[in-house]
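The values are calculated or read from the model by the stated rules, or taken from the named source; none is laboratory data. In this text, all values refer to a predicted model and were calculated from it rather than measured experimentally. Reconstructed Cβ throughout: ideal geometry from the backbone, glycine too, with neighbour counts over all protein chains shown. All accessible areas refer to the heavy atoms of the entire protein, side chains included, with ligands and DNA or RNA removed. Shrake-Rupley method; radii C 1.70, N 1.55, O 1.52, S 1.80 Å.
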Amino acid sequence: MTRTMETMMTAPRTTTPEGEPERLQRFLARCGVASRRHAETIIAQGRVQVNGEVVTAMGATVVSGRDVVTVDGVTVTPPNAHAYYVLHKPAGYVTTLKDPSGRPTVADLMPIEGRRLFPVGRLDRDTTGLLILTDDGELAHRLMHPRYHVDKSYVVVVRGVPGTQAFRTLEEGVDLDDGRTAPAEVELVDVAGGDATVRVVIREGRKRQVRRMFSAVGHPVVSLHRERFGPVLLGDLPEGATRPLEEDELAALRAAAGLSENEG
Ligand code: URA
């Protein structure tokens, strides 16, 4: 998706900064009510009120967070007044906001000063790759909930080359001390210098799960990298860098977590 100048200039991914005027039809589209064009029809039909007054003028503007906008008497709010970022976590950073032993944490890599974002789930200190940062507690909670089975894809370098039996066990379920893992998708990507690179997709999020799965089949992990979280890809984001989620990525993530366009 191409980013507009407007969104590129917006630091936190709130689409339109709270407190700034925007056209009513755009606001309605952001709220998931309708496309901008259809929103114009809804406005013209006199179905939209701003602060209790019916508004039919096309040039009307509203300020999100200040004006109360209703459609057919129902108040509408933008789903993405929160901030959503992707971080490419480097190795050596712990996934916590404060580390009692003073190690570098993902808080040191936060994209915006003064806005408290938290990581969705956890990557081990030595794991690299995609971590979502947000202040949307509801979405974060759902993304981590086993009920929604959001899949995560990892690229793993392991000692030795797992054979057919090891692959089958990884795919069907590995017996770990906290129970058997759910079926996973596993694919051999490369073999070099006696180590194998494997892509593994899991739908659970247990502690050190991928490392424990491979250790259990006799192939300890040398390096672990998350390349995808549900519909969101890390792409070529450099290590240590952050980027705001695109609107379509956020919509897909919300859908994966069972949230409709206009909830939240
Ligand atoms: N599985 C692991 O073992 N470690 C991670 O950081 C993520 C998944």
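At a glance:
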quantity	calculated
Residue count, segment 192-224 (criterion: part of a helix (DSSP H, G or I), near the ligand (Cβ under 9 Å from one of its atoms) and hydrophobic (A, V, I, L, M, F, W, C))	3
Within segment 90-114, tally of residues that are open to solvent by less than 40 Å² (accessible area, probe 1.4 Å) and modelled with pLDDT of 95 or more	6
Any hit, segment 47-64, residues being at pLDDT below 90 and under 19 Å from residue 136 (Cβ atoms)	yes
Single residue of 37, 103, 30, 122 found to be touching a strand residue (DSSP E or B) at 6+ places or on another chain (Cβ under 7 Å) and basic (Lys, Arg)	103
Boolean, residue 243 is away from the ligand (no atom under 16 Å from the Cβ), within 28 Å of residue 110 (Cα to Cα) and in a strand (DSSP E or B)	yes
Near pairs, Cβ below 6 angstrom, 6+ apart or cross-chain, from segment 147-173 (open to solvent by 40 Å² or more (accessible area, probe 1.4 Å)) to any residue that is more than 16 Å from the ligand (Cβ to nearest atom) and assigned to a helix (DSSP H, G or I)	148/142
Checklist (1) open to solvent by less than 60 Å² (accessible area, probe 1.4 Å); (2) more than 9 Å from the ligand (Cβ to nearest atom); (3) in contact (Cβ under 8 Å) with a residue 60 or more places away in the chain; (4) not polar (S, T, N, Q) applied to residue 252, failing item	(3)
Residues satisfying the stated conditions in segment 123-146, i.e. more than 14 Å from the ligand (Cβ to nearest atom), charged (D, E, K, R) and farther than 16 Å from residue 255 by Cα	135
Flag for residue 67 being at pLDDT below 90 and crowded, with 21+ Cβ neighbours inside 10 Å	no
Hits in segment 96-146 (condition: acidic (Asp, Glu), farther than 24 Å from residue 259 by Cβ and not in a loop (DSSP other than H, G, I, E, B))	108
